[in-house]
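Remarks on the structure that follows.
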Amino acid sequence: MKTEKKKKNDDDYDSPWKDILGIYFEEFMRFFFPWVADKIDWSRGYTLLDKELKQITREAERGKRLADRLVQVWKKDGGEAWVLAHPEIQAGREKDFPHRVWVYYYRIHDLYNRPVLSLAVLADRNPKWRPSEYSLDLWGCRNEFHFPVVKILDYKKQWEELEKSDSPFAVVVMAHLKTQETAKDKESRRRWKLELTKSLYRQGFEKQDIINLYRFIDWLMALPKELEKTYHEELVKFEEERKMQYVTTAERIGIQKGEKIGIQKGEKIGIQKGEKIGIQKGEKIGIQKGEKIGIQKGIKKGRKEGVLIGEILTLQRILKQPVYSKAELEKKTLKELKSILAETEARLPSS
């Protein structure tokens, strides 16, 4: 599959979209595909089928990042259905995207024999690119495949409605559009990032929703170091004025300090503070930040025994598979620790 080459300084759209889709799938469906959402029995919940999706996703095996989500839902008549959501969000359009949607569709039928609905959210910058079908035709043998599509660019004309909406995906769409618009103007991005973050409080979102959506905005609307510092200082002041310190908490400050003083000391302080403020917050904020920033940077740096032990313990928490205790790891040699770390990293799900 051919895609336009991604520049080194391009923004990371895929990871935050995949994360937010998993948290707010029902809201995603109600916002983008309300006519489908009305046919689903949301009282029975939904299940993310990550393992099943991996079985049909060759790109994931080759290391390509995808934001696709495969989700099990229940129809109002009681039947089971699978929804395959394809957010196509890279700056460059994927030439073979309709073919990929079709391939995943028939692989699900082939492997699992389940009724499936394929949906696409096109979040690229090209207003004319709107693939919604794939067909094959040879000597009278014809196959036509059509799938519902929405285009993020279309919401530019609905900005006032987005600002008034109480849907998390109104925020997601605004953040995505402004990330694209400010790609070459980081100061403008800082202002929009602050405005969108403040809007979370004004819209009356619950505390956890504010934290989740803030994480999406913070991840998507990346800023240079100095502008990020200014943004954070303004956000601290805003939260203090409203007496609602939700996102500028010790976890975020602790992680930033941990990066500056090194992974070894940062882990010792971060984990200790994470235990004090509760595992739930640590998982949702500290560990997720750790996955993106701490672990990636830690892997690039030299590993001493203490750092290796800390990384293994952190990954085990993420995987919820406590294979080794700290005491057991402390008895291992440096070579053994490196081997254990490699095995543990290999079990991490592809993002």
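The values are calculated or read from the model by the stated rules, or taken from the named source; none is laboratory data. All figures in this text were calculated on a predicted structure; none of them were measured in a lab. Reconstructed Cβ throughout: ideal geometry from the backbone, glycine too, with neighbour counts over all protein chains shown.
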Open item on the list: Of the conditions (1) in contact with a Lys or Arg (Cβ under 7 Å, 6 or more places away or on another chain); (2) surrounded by fewer than 20 Cβ atoms within 10 Å (Cβ to Cβ), residue 204 satisfies every one except a single condition; which number is it?
Closed with: (1)
TODO: Quick one: which residue in 65, 93 is modelled with pLDDT under 75, surrounded by 14 or more Cβ atoms within 10 Å (Cβ to Cβ), over 19 Å from the mean Cα position of the chain (by Cα) and within 19 Å of residue 124 (Cβ to Cβ)?
DONE: 93
- [ ] Inspect all residues belonging to the range 123-130 and state whether any of them is part of a helix (DSSP H, G or I), surrounded by 20 or more Cβ atoms within 10 Å (Cβ to Cβ) and among the aliphatic types (A, V, I, L, M).
- [x] no
Open item on the list: As an exercise: evaluate residue 293 against (1) within 21 Å of residue 211 (Cβ to Cβ); (2) buried (at least 17 other Cβ atoms within 10 Å of the Cβ); (3) modelled with pLDDT under 60 and give the number of the one condition it does not meet.
Closed with: (2)
TODO: From 127, 131, grab the single residue that is at pLDDT below 95 and either closer than 30 Å to residue 52 by Cβ or in contact with a Pro (Cβ under 7 Å, 6 or more places away or on another chain) (or both).
DONE: 131
Task: Meets criteria (modelled with pLDDT of 75 or more and surrounded by 14 or more Cβ atoms within 10 Å (Cβ to Cβ)) for residue 298 - done: no
Open item on the list: Being within 20 Å of residue 216 (Cβ to Cβ) and either buried (at least 19 other Cβ atoms within 10 Å of the Cβ) or in contact with a strand residue (DSSP E or B) (Cβ under 6 Å, 6 or more places away or on another chain) (or both): is that true of residue 116 here?
Closed with: no
Open item on the list: All but one of (1) within 24 Å of the chain's Cα centre (by Cα); (2) assigned by TED's automatic domain parsing to the domain that holds residue 51 hold for residue 142; state the number of the condition that does not hold.
Closed with: (1)
Open item on the list: Tally up the residues in the range 330-350 that are farther than 12 Å from residue 319 by Cα, acidic (Asp, Glu) and within 20 Å of the chain's Cα centre (by Cα), please.
Closed with: 0
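So that you can scan it fast, the table gives a plain yes or no per residue for (1) assigned by TED's automatic domain parsing to the domain that holds residue 233; (2) of a type outside the set (S, T, N, Q); (3) closer than 15 Å to residue 121 by Cβ:
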{"residue": "165", "(1), (2), (3)": "no, no, no"}
{"residue": "168", "(1), (2), (3)": "no, yes, yes"}
{"residue": "174", "(1), (2), (3)": "no, yes, yes"}
{"residue": "192", "(1), (2), (3)": "yes, yes, no"}
Open item on the list: Within the range 141-252, considering only helices (runs of 4 or more DSSP H) that don't extend past its boundaries, which have at least 3 residues that are within 30 Å of residue 98 (Cβ to Cβ)?
Closed with: 159-164, 168-181, 207-220
Open item on the list: Could you check the range 22-39 and list, in sequence order, the residues that are within 14 Å of residue 75 (Cβ to Cβ) and either surrounded by fewer than 19 Cβ atoms within 10 Å (Cβ to Cβ) or of a type in the set (Ser, Thr, Tyr) (or both)?
Closed with: 35, 36, 37, 38, 39
